[in-house]
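**Q** Shown below is the structure under consideration.
What follows draws every value from the coordinates through simple rules; no lab data is involved. Please read these numbers as outputs of a predicted model, since none were measured by experiment. Note that each Cβ is placed from the backbone with ideal geometry, even for glycine, and that neighbours are counted across all protein chains shown.
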2 protein chains.
Amino acid sequence: MSRIPRIVILGAGYGGVVTAIRLQKHLNYNEADVTLVNKHDYHYITTHLHMPAAGTVSPETARIDISKLIDEFKIDFVKSTVAQIRPQDKKVIMEDSTLSYDYLVVGLGGEPETFGIPGLKEHSLNIRSLNSVRYIREHIEFQFAKYKQEPHRTDYLTFVVGGAGFTGIEFLGELVNRLPKLCKEFDVDPTLVKIINVEAAPTALPGFDPELVEYATDLLTSKGVIFKLATPIKECREDGVILANGEVIKAGTVIWTGGIRGNRLLEDAGFETTRGRVIVDSHLRTKEYENVYVLGDCSIVLNEQGKPYPTTAQISIQQAEICSHNLIATIRNTPLKTFSFTNKGMVASLGRGDAIGVVGKHKVKGFTAAMMKRAIDVRYLYMIGGIPLVIKKGF
Amino acid sequence: MSRIPRIVILGAGYGGVVTAIRLQKHLNYNEADVTLVNKHDYHYITTHLHMPAAGTVSPETARIDISKLIDEFKIDFVKSTVAQIRPQDKKVIMEDSTLSYDYLVVGLGGEPETFGIPGLKEHSLNIRSLNSVRYIREHIEFQFAKYKQEPHRTDYLTFVVGGAGFTGIEFLGELVNRLPKLCKEFDVDPTLVKIINVEAAPTALPGFDPELVEYATDLLTSKGVIFKLATPIKECREDGVILANGEVIKAGTVIWTGGIRGNRLLEDAGFETTRGRVIVDSHLRTKEYENVYVLGDCSIVLNEQGKPYPTTAQISIQQAEICSHNLIATIRNTPLKTFSFTNKGMVASLGRGDAIGVVGKHKVKGFTAAMMKRAIDVRYLYMIGGIPLVIKKGF
């Protein structure tokens, strides 16, 4: 153990970045060594990724360089990919180096959950990083170029979105705006384009207010989305999907937004996990190791009824606030705080200028909701980067 | 035969469009029925296609709607694809209709000539239409997206251009400007990108002034192009090319610019052809049928030494001028004109702001040559569409 305690934060997503920023702000000089480890030298705003994926905005709008967020005099940044966590040795093995820690914060994010549906892992695309959304954007454009070379292949113009959760609905909202533009650019008859949403649950946005869900599905339907609810995917192939009802949809593109699981590194490290997620205690620590905190998609926080909260940016940020407090409290030997989630509301974007949401007890939709979405975005940018970042991102 | 003679023009490339415009201008009312047939409802500036192929400009800059070029009160336009020419019946069979003619002008353009190199037809891309260049642009961008998903596949970042003729060199000039931008956009280390030109002939731009050729290859080399001259391609595969010297180049992209042949429809129609091209008489007519004129890539015009002129935009336009004159002369029973090619010079673009060329007896290079290239472009736009078209295309 070094003279001063060493905190290692894995992952610069919502949880990791906010934890790092809080530590940077509240730790005194020489109170702890903090190291942030991330695969890329940038943080991305995951809740924005559906937009560059559809190609409606540049991926750059979702990216923030980590050097703009942390003060490298106070926090070390290591750009590397984590290969293994060894909590028994208090070590993290990275692809090219090793780090020892006294306290570990795991905010490595999730992975797509395919629920064992054959072919889904191999043949579907996922909205989950800057690289993946650039890939999706290029893939979609490429379908139009390919169709123009092989005009009998109208299946190139069929886009299947699996999952009608938050990401699926927000992505559809962008897609209905983007595809008509691609039709124009590539001289493609818009009536040939099909956007099909396939969802196993009987409703879109399960758990959301039914009136708002209807508003969203009506709006997307009016813009051409075909919803197939209560319809599980049986198999995904290179050329499309087969549904549980036997229907075959030939499609050049299948985007899977149907589920997120935790991170395999936590399973491999020997933590007790459910789908790669660790049930943390009320202080956000693992039950195996008091010095290991887990946040965001890697964690499960149970509500008062003992059910897990859905993992969102909002809960990750709130976790990071408690996590950073508890790290400092542990070092200073002051009382820890207990985590409890405060639902500040949820807004789902439905494309430019439209959204639905619940904020407090209020239901909002349309332009008002879209403005609230923007306000939430601004709030986050302000929280992590202050006014300069808000201005830089064009709000 | 209708009361007034019927002229059918197949193809709205340089030859077909200029012929149509000349006939529109010089024919008197009711002197002839003129029908222009083209697969698309637009003409494209073939000599510009290397730019949208590399993605440096939008394909729209190379496109001109036919309705902007011809007066539909004077000339009928039929958007269709020609399936068969039956000169013995004076008929053209299209995919969905049939046209009878008294005089036929064939300006259907060429097809890539692969010289029997195995796999080249299947696995290489060709710069030859708006659809094909949009495809190439998307394909190139897609390679970057794919590489970011599979970082060990550096072969996705290798671009092989087969052929160092006019199109090959001009395309390389754009590519060296475009790829660094894509590197930036996709966070790709530029040193991983390889641009390789493979040419069977011992020199680039065969027949061009050696000093200028050296200028061009030096410039492109300094921007990263690797030239492999005197190196035929032995085979093209899905994952790259095998050279005659045994070298294997793994590449996600192979663009073939190494040759153009004439059109299979002329072979099928029973004309005597060499690689799909018809040797026309001094009036540009086929030797089999006096009422059939052939222009551009479908035709061979022999020079005084009995050697064929290279087919270029320039020669096609000059042919169209003689062809339209001779059609009118035939109808009016006045003397025909004999075709002779006047070489007004050639300028090859090397990317933005640079070019090489020979104009009259003068060699030009660098910015001057680039300006000359622009002047040639303006001249053509003015010729077919007057001042409004020049303004519309932003010159």
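**Q** Between A:T334 and the same site in the other copies, what are the distances in nm, shortest first, taking label points 7 Å from Cα along the C-beta direction?
**A** Label-point separations across copies, in nm and ascending: 10.1.
**Q** Assuming R0 = 45 Å, what is the FRET efficiency of B:K25 and A:H152, from their Cβ-Cβ distance, to the nearest 0.05? Walk me through the numbers on the way to the answer.
**A** On the way: r = 40 Å, r/R0 = 0.89.
Taking R0 as 45 Å, the efficiency between B:K25 and A:H152 is 0.65.
**Q** Which cross-chain or sequence-distant (5 or more) residues have an amide H under 5 Å from the amide H of B:V78, H modelled 1.01 Å from N in plane?
**A** Under 5 Å from the amide H of B:V78 lie the amide H atoms of B:L36, B:V37, B:N38, each far enough along the sequence or on another chain.
**Q** Then there is this: Using the 7 Å Cα-to-Cβ label point, sort the distances from B:R264 to its equivalents in the other copies shortest first and give them in nm to one decimal.
**A** When each copy's label point is compared with this one, the spacings are 4.7 nm.
**Q** So for the protein assembly as shown, taking the charge dipole from beta-carbon charges (+1 Lys/Arg, -1 Asp/Glu), which of B:G270, A:V18, A:F166 sits furthest toward the positive end?
**A** The Cα lying farthest towards the positive end belongs to A:V18.
**Q** Compute the acute angle (0 to 90°) between the alpha-carbon long axis of helix B:166-186 and the principal axis of greatest extent of the alpha-carbon atoms of chain B; round to the nearest 10°.
**A** In chain B, helix B:166-186 runs at an angle near 50 degrees to the longest axis.
**Q** Separate question: How big is the gap, in Å, between the Cα center of the range B:370-395 and the Cα center of the range B:91-118?
**A** 29 Å
**Q** Another question about this same structure. Computed over the Cα atoms of the range B:68-107, what is the ratio Rg over Rh, Rh following Kirkwood?
**A** For the range B:68-107, the value is 0.99.
**Q** Check each of the chymotrypsin sites (Phe, Trp or Tyr not before Pro) in the range B:1-81 and keep only those in coil by DSSP with at most 12 other C-beta atoms within 10 angstrom; list them in order.
**A** B:Y29, B:F73
**Q** Related question: Which of B:H43, A:H139, A:H50 has the fewest other C-beta atoms within 10 Å, and how do the rest follow up to the most?
**A** A:H139, B:H43, A:H50
**Q** So which lysines pass the test for A:K287, namely a Cα distance under 20 Å, with those fewer than 8 places away in the same chain ruled out?
**A** A:K90, A:K91, A:K307, A:K337
**Q** Continuing with the same structure: In whole Hz, with x marking every Gly and Pro, tabulate ³J(HN,Hα) for the range B:96-104 from phi via Karplus 6.51 cos²θ - 1.76 cosθ + 1.60, θ = phi - 60°.
**A** Karplus-based 3J(HN,Hα) across the range B:96-104 equals 9, 6, 9, 10, 9, 9, 9, 10, 10 Hz.
**Q** Looking at this model, which pairs from A:K148/B:K148; A:K184/A:K365; B:K181/B:K393 are more than 28 angstrom apart at the alpha-carbon?
**A** A:K184/A:K365
**Q** Extending each Cα 7 Å along its Cβ direction at A:Q305 and B:S282, get the distance between those two points in nm, one decimal.
**A** Placing both labels 7 Å beyond Cα along the Cβ direction yields 9.6 nm.
**Q** Pop the C-beta distance of B:N245 and A:M383 into the FRET formula with R0 = 51 Å and round what comes out to the nearest 0.05.
**A** Once rounded, the FRET efficiency stands at 0.25.
**Q** For the pairs A:K228/A:K392; B:K25/B:K344; B:K146/B:K234, flag any whose C-alpha to C-alpha distance is greater than 31 Å.
**A** The answer is A:K228/A:K392.
**Q** Using 7 Å Cα-to-Cβ label points, what is the A:E113/B:K91 separation (nm, one decimal)?
**A** Placing both labels 7 Å along Cα→Cβ, they lie 6.6 nm apart.
**Q** Relative to the longest principal Cα axis of chain B, at what angle does helix B:313-332 sit, 0 to 90 degrees, rounded to 10?
**A** So the helix axis and the longest Cα principal axis differ by about 10 degrees.
**Q** Separation between the A:A230 and B:T368 pseudo-spin-labels, each 7 Å from Cα along Cα→Cβ, expressed in nm?
**A** Each label point lies 7 Å from its Cα, and together they span 7.9 nm.
**Q** A further question on this structure: Among the GluC sites (Glu not before Pro) within the range B:180-268, which fall in a DSSP loop and have no more than 14 other Cβ atoms within 10 Å of their own Cβ?
**A** Those satisfying the criteria are B:E238, B:E247.
**Q** Please return the longest stretch of chain A lacking exposed loop sites, where trypsin sites (Lys or Arg not before Pro) count only if DSSP places them in a loop and at most 11 other Cβ atoms lie within 10 Å.
**A** It runs A:4-360.
**Q** Kindly express, to the nearest 10 degrees and within the range 0 to 90, the angle between helix A:130-149's C-alpha long axis and the longest C-alpha principal axis of chain A.
**A** Rounded to the nearest ten degrees, it is 10.
**Q** What share of the DSSP beta bridges in the range B:120-258 is antiparallel, in percent to the nearest 5?
**A** 35 percent
**Q** For the rotation taking A to B, I'd like to know which residue in chain A has the C-beta closest to the axis, plus that distance in Å.
**A** Residue with the nearest Cβ, plus whole-Å distance, for chain A: A:F142, 2.
**Q** Given +1 on the Cβ of Lys and Arg, -1 on the Cβ of Asp and Glu, and no further charges, what dipole in debye does the range A:120-258 carry about its Cα centre, rounded to the nearest 20?
**A** 360 debye
**Q** Amide H to amide H, which residues 5 or more places from A:K194 or on other chains are under 5 Å from it, using H placed in the peptide plane?
**A** Counting only residues 5 or more places away or on other chains, the set is A:T158, A:F159.
**Q** Moving on. Could you give the dipole magnitude of chain B about its Cα centre, charging the beta-carbon of Lys and Arg +1 and that of Asp and Glu -1, in debye to the nearest 20?
**A** That gives a dipole near 720 debye.
**Q** Further question: Distances from B:T368 to the same position in the other copies: list them in nm, one decimal, shortest first, using label points 7 Å from Cα along Cα→Cβ.
**A** In nanometres, ordered from closest: 7.0.
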